Amino acid sequence: MTTISTAATTTAVPSADRGRRARRIAAGSSIIGAGVLTLAGYLTAPWEGGATQAEYIRSLTGHPTSSMLSMILLHFGYLLLVPTAFVLARLARRRAPWLAGIGLAFAVLGSGLSAVVLTDAYDLSLGQHLTMAQALGVESGMSVAGFVAIGLTSTVGTVVGSVLLMAAMWRATWTSWLPGVATLAGWVVAYGAHDFLRACTGAALITIGLVAVGVRVLRSSDEQFATGIPA
């Protein structure tokens, strides 16, 4: 008689991803940070109150400390829009794949916006070391086509990308339509602004949209964040 011994089969149950919660918190915090730092950069900027290059340079040289503080805050605020874009695209990928994909592509094109603000340091140095006529002469000698190619691409990419990604989050039922409308209105109001009130009003609207989405991400469950399917 043959005896067959049956060994107990143990099925290893994979443990929960312990890093999932950390990634969710980091993602939500990055989105909120992008809005808060951007608004802080607008609030600390010495707005020129006019559309001429001379007024712009005078505003920098008249307030060099706040100019550099604003530049630094805007740099990091705009930089945090990059992980924000990837998070939003990932969360909306199942229910709004086209909006998420196109929005992410535009947002990546706009990732250079954080570097464009470095021109403030360049213009401040011109104003501090040259006469106004000389500084304006150097400015006029710059390659307009090259600057527009980088600056315009970065600006349009950031604006269009952020609005499309907010729309994707709404379409994917992660948020209501309000963050998207606030973001769009903020960009429209702030575009081309040269005064404190208009510029900061626009930045405040953008921040409201970003903070609302960031809080929504933080309040989601680890499972919802991992699957991209909200409750």
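Side notes on the structure shown:
- All of GLY110, GLY101, GLY127 fail the test of being in contact (Cβ under 8 Å) with a residue 60 or more places away in the chain and not hydroxyl-bearing (Ser, Thr, Tyr), apart from GLY127.
- Helices (runs of 4 or more DSSP H) wholly inside segment 86-148 that include at least 1 residues being over 25 Å from SER70 (Cα atoms): 97-109, 132-140
Quick grid of which residues meet (1) surrounded by fewer than 17 Cβ atoms within 10 Å (Cβ to Cβ); (2) modelled with pLDDT under 95; (3) in contact with a strand residue (DSSP E or B) (Cβ under 8 Å, 6 or more places away or on another chain):
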residue	(1), (2), (3)
SER29	yes, no, no
ILE32	no, no, no
GLU48	no, yes, no
ALA51	yes, yes, no
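- Residues that are touching a residue at least 60 places away in the same chain (Cβ under 8 Å) and part of a helix (DSSP H, G or I) were ranked within segment 171-201; the one that is surrounded by the fewest Cβ atoms within 10 Å (Cβ to Cβ) is PHE196.
- Per the conditions (1) at pLDDT 95 or above; (2) more than 19 Å from THR119 (Cα to Cα), the sole criterion not satisfied by THR10 is (1).
- All conditions but one from (1) surrounded by 15 or more Cβ atoms within 10 Å (Cβ to Cβ); (2) at positive phi; (3) of a type outside the set (A, V, I, L, M, F, W, C) apply to TYR56; the one that does not is (2).
- Matching option when the condition is crowded, with 16+ Cβ neighbours inside 10 Å, more than 30 Å from SER220 (Cβ to Cβ), at pLDDT below 90 and aliphatic (A, V, I, L, M), among VAL138, VAL148, VAL116: VAL116
- A Cβ distance below 6 Å, combined with a sequence gap of six or more or placement on separate chains, defines the contacts here; from segment 211-226, residues that are modelled with pLDDT of 95 or more reach residues that are buried (at least 16 other Cβ atoms within 10 Å of the Cβ) and outside any helix (DSSP H, G or I) in the pairs VAL213/THR175; ARG216/THR175.
- Any hit, segment 155-167, residues being crowded, with 19+ Cβ neighbours inside 10 Å, closer than 19 Å to LEU80 by Cβ, without any contact (Cβ under 8 Å) to a residue 24 or more places away in the chain and out of contact with any Pro (no Cβ under 6 Å at 6 or more places or on another chain): no
- Picking from residues in segment 210-231 that are in a loop (DSSP other than H, G, I, E, B) and aliphatic (A, V, I, L, M), the one that is nearest to ARG94 (Cα to Cα) is ILE229.
- Whenever a residue of segment 137-149 is in contact (Cβ under 8 Å) with a residue 60 or more places away in the chain, its partners that are surrounded by 10 or more Cβ atoms within 10 Å (Cβ to Cβ), lying with C-beta atoms within less than 6 angstrom and at least six residues away or across chains, give the pairs GLU139/GLN53.
The values are calculated or read from the model by the stated rules, or taken from the named source; none is laboratory data. All figures in this text were calculated on a predicted structure; none of them were measured in a lab. Using ideal geometry, Cβ is built from the backbone for each residue, glycine included, and neighbour counts are taken over all protein chains shown.
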